Amino acid sequence: MLDQSFSAENFRKIFDIENRKGNYLEGEFFPEIEGKSHEIQSCIGKLRTLRSEKDNHTPEDYEALRVDLSVKLEALRKEREEMLQAKLEEVSTNVCAKDFSFGIQEIDIGKPKKVFVAERSAETQFALKQIQYNIRRLYKVKQSNRHEIICQLRELLADAMPKYIVRTDISSFYESIPRNILLRKLRNDPLLTLQSKKIIRRILYEYSQITGLDEGLPRGIGISAYLAELYMRDIDTSIRNHPGVLYYARYVDDIVIIFCPPPNVGTRLFRQLVARSFRSMGLKRNRTKTQILSVASKASYQLTYLGYKFEVGPKTVDLRMSPEKLARYKKRLDLTFNAYYQNAKKSELNSRRLLEKRLRFLTGNTRLVNNKKNVVSGIFFSNPLLSAMRDLDALDSYLKSKIAALPSGRLKSRLQLMSFKYGFETKQYHKFSAQNLFEIVGVWKNVS
């Protein structure tokens with residue numbers, strides 16, 4: 001049976017998991033333990049140096065020095081382990097206390113939909129990670145794979161069989177999920193322990209206190225994605241298992257359905273099924289973003305989904321950027337050059353260097369720093385399934401027009417070598433420090 005407790009032992013597992021991911025929690029929450037870790041690394045370094053300089057010592061001196069350092073290293077590791085255990089026990093006690101609070105607050109990201117964050121403390125981080133782990137393991141909850149969905153959809157659209165395609169999403173997805181239904185489902189399910197349910201209720205209570213609403217999940221808090229996926233299971237099942245449905249996929253609140261109804265039936269009954277499934281769970285379909293296509297054999301048509309525009313012809317399926325994604329890239333170019341012109345008045349040299357870094361970041365690819373999973377990002381890895389290069393050519397033309405407006409000189413010559421298409425085709429990499437990345441993306445923080 002899964003141990004769901006918010007104990008020091010479970011928090012230690014989370015601590016190790018986050019370390020393996022490159023998220024070093026001790027540096028943020030336990031500085032004294034981080035100091036002890038530095039001492040351990042220093043001692044390990046001295047041992048390596050001693051081994052490399054072994055020939056400079058007599059066998060007796062070498063062995064005495066090696067034993068001394070080994071004993072010191074073992075003592076440091078024991079001290080660190082004891083300090084970490086004591087800290088995690090303290091965190092566990094605080095999380096399990098009656099007055100524990102996540103300190104949820106709203107943050108402004110320049111968009112209409114509100115985003116929330118929990119107070120940045122060891123208690124909130126470990127509690128959130130533990131409840132997410134509990135839900136994921138108990139209910140096998142995970143978000144759909146965007147790349148996999150696009151590949152499957154591409155293959156299905158290449159089939160010339162007549163079909164109907166529905167593309168829709170849920171209005172104000174996180175904000176509209178009825179909490180009473182969600183909590184009732186969790187309350188009636190014996191899988192979660194009382195402590196796990198208490199933590200969930202605490203998060204939703206604090207969110208309710210801020211918004212004054214009795215429905216919705218706090219967008220931005222990690223557990224909301226897990227609870228939303230759990231809540232949507234009944235809708236997913238009812239639509240996926242309906243007769244005539246050939247394919248159903250949902251990525252968060254974006255839904256695509258391919259179905260083939262019996263002859264002379266049309267789409268009315270199926271549309272009613274989708275609407276009824278949503279209503280039964282207290283949700284509404286976004287009518288303005290709903291697209292229904294009736295596709296005849298060998299017909300040409302377009303479908304936009306998950307950042308791609310599918311251009312389907314009699315024998316081909318080309319994948320291009322969605323108009324929204326293309327517009328985002330252009331907006332980032334606008335902001336990049338606007339920031340250069342504005343800041344160049346104060347420091348032209350620093351502005352020029354930052355302009356080059358931002359354009360290298362936009363037109364190339366990079367591995368995210370401090371991440372042991374080697375997560376990559378960039379023009380190729382954000383659009384790996386593009387098969388038509390017209391949008392990259394359009395971005396290059398837009399970039400060149402921006403560069404052309406700069407005063408002539410070495411900067412202009414260097415920037416003219418940059419290309420979205422080249423970065424995509426060659427998977428060109430650039431290295432940036434954590435500080436560089438912070439400066440680079442800061443100008444786009446309100447552009448998704």
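The values are calculated or read from the model by the stated rules, or taken from the named source; none is laboratory data. Please read these numbers as outputs of a predicted model, since none were measured by experiment. Cβ sites come from the backbone with ideal geometry, for glycine too, and all protein chains shown count toward neighbours. Remember, those area values only see protein heavy atoms, side chains included, never the ligands or the DNA or RNA. Shrake-Rupley method; radii C 1.70, N 1.55, O 1.52, S 1.80 Å.
The string of couplings for the range 97-102 from the Karplus curve (6.51, -1.76, 1.60, θ = phi - 60°) is 5, 5, 9, 4, 9, 7 Hz, one whole number per residue in order, with x for Gly and Pro. Computed with a 1.4 Å probe over protein heavy atoms only, the accessible surface of the chain comes to 54 Å² per residue. Given +1 at the Cβ of Lys and Arg, -1 at the Cβ of Asp and Glu and no other charges, the dipole of the chain around its Cα centre is 2160 debye to the nearest 20.
Please work out which option in (i) 1.12; (ii) 1.30; (iii) 1.22 gives Cα Rg over 2.2 N^0.38 Å calculated from these coordinates, and answer with its label. Matching the structure shown: (iii). When both bridge partners sit in the chain, DSSP labels roughly 95% of those beta bridges antiparallel. Taking the accessible area of the range 267-372, probe 1.4 Å, and keeping the other protein chains in place, the carbon and sulfur fraction comes to 47%.
Straight Cα distances below 29 angstrom link Lys36 to the lysines Lys13, Lys21, Lys46, Lys54, Lys72, Lys78, Lys87, Lys129, Lys372, Lys373, with same-chain residues fewer than 8 positions distant left out.
With a cut-off of at most 11 other beta carbons within 10 Å, and DSSP calling the residue loop, which trypsin sites (Lys or Arg not before Pro) in the range 303-345 qualify? Please list them. Here the trypsin sites (Lys or Arg not before Pro) that fit, given the DSSP loop and packing criteria, are Lys315, Lys345.
Excluding same-chain residues fewer than 8 positions from Lys114, which aspartates and glutamates have a Cα within less than 13 Å of its Cα? Reachable aspartates and glutamates: Glu106, Glu175. Assuming charge only on the beta carbon of Lys and Arg (+1) and of Asp and Glu (-1), the dipole of the range 143-209 about its Cα centre is about 460 debye to the nearest 20. FRET efficiency for the pair Ile210 and Ser52, taken as 1/(1 + (r/R0)^6) with r the Cβ-Cβ distance and R0 = 45 Å, rounds to 0.20. Spin-label pair Lys197-Ala75: with each label point 7 Å from Cα along the Cα-Cβ axis, the two points sit 5.2 nm from one another.
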